[in-house]
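The values are calculated or read from the model by the stated rules, or taken from the named source; none is laboratory data. Since this is a predicted model, take the numbers as computed values, not measurements. Virtual Cβ from ideal backbone geometry, glycine too; neighbours counted across all protein chains shown.
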Amino acid sequence: MSATKIDLGQNAGVSVGRSGKPGGRAEHKIPVVGQFQVEHWRDGVLLDIYSFKNGITNEGKNNLLDTHFDLGSQVTAWYMALVDNANFTALANDDTYDDIDQAGNGWDEFKSYTDAGNASSTTTRPVWAPDAASAQSISNSTQEVFDITGSGTVKGVAIVGAASGATATANTKGDHAADGVLWATALFDQGDTAVVNGDQLKITYTVSA
């Protein structure tokens, strides 16, 4: 899925006065854009820095609108996942959390890492823990770290979550359930990234409006 942004349009109709819009309509759009920055480390040496925008899924857009304008349950914790090059065919706007690692999906999750932020857990995805929003952006000032434990090729990154009480356990590698949320996916702009045991991927994710 290519990089996308959400344009949230707000229209207000009025019956008097002049406006640049027909019918006196004032229009304001809020573009919501996400971007990853990934540092690739090996043996204490910074190999490269990758910066690339994400594509926001239809499921992610619907979750945003439901949470803010309807009675949707808020996702209170978001997590990062890695996209595996193995068996990859494509990302799609209609990819869902429930599709992860399932037959017919265009990508699988890369799982050969430990989560350094959670006592080096072998089962958990790193949490995306952003600071409070400022200047119309929200980001994690502390990088989320993937400690790679096996050779492979990483193709991209995803952001996933689940509301309180959901059957989905979004902090668990390989988890998928109908009530989880796949917010966004992205592929490395510079191409696939080969990793080996001992490598680290340190990731910052920023959403701006």
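Residues considered: T142, T169, T153. Of these, the only one that is in a strand (DSSP E or B) and either surrounded by fewer than 22 Cβ atoms within 10 Å (Cβ to Cβ) or free of Cβ contacts under 8 Å to residues at least 24 places away in the same chain (or both) is T153. If you filter segment 44-92 down to residues that are within 19 Å of V181 (Cα to Cα), at pLDDT 95 or above and aromatic (F, W, Y), you find that the one that is surrounded by the most Cβ atoms within 10 Å (Cβ to Cβ) is Y79. Among the residues of segment 106-113, is any more than 17 Å from the chain's Cα centre (by Cα), surrounded by 17 or more Cβ atoms within 10 Å (Cβ to Cβ) and not in a loop (DSSP other than H, G, I, E, B)? Looking through segment 106-113, at least one residue is more than 17 Å from the chain's Cα centre (by Cα), surrounded by 17 or more Cβ atoms within 10 Å (Cβ to Cβ) and not in a loop (DSSP other than H, G, I, E, B). Within segment 114-136, being under 15 Å from the mean Cα position of the chain (by Cα), touching a residue at least 24 places away in the same chain (Cβ under 8 Å) and surrounded by fewer than 19 Cβ atoms within 10 Å (Cβ to Cβ) holds for V127, P130. Looking across segment 68-103 at every residue that is over 17 Å from the mean Cα position of the chain (by Cα) and part of a helix (DSSP H, G or I), the one that is nearest to T167 (Cα to Cα) is identified as H68.
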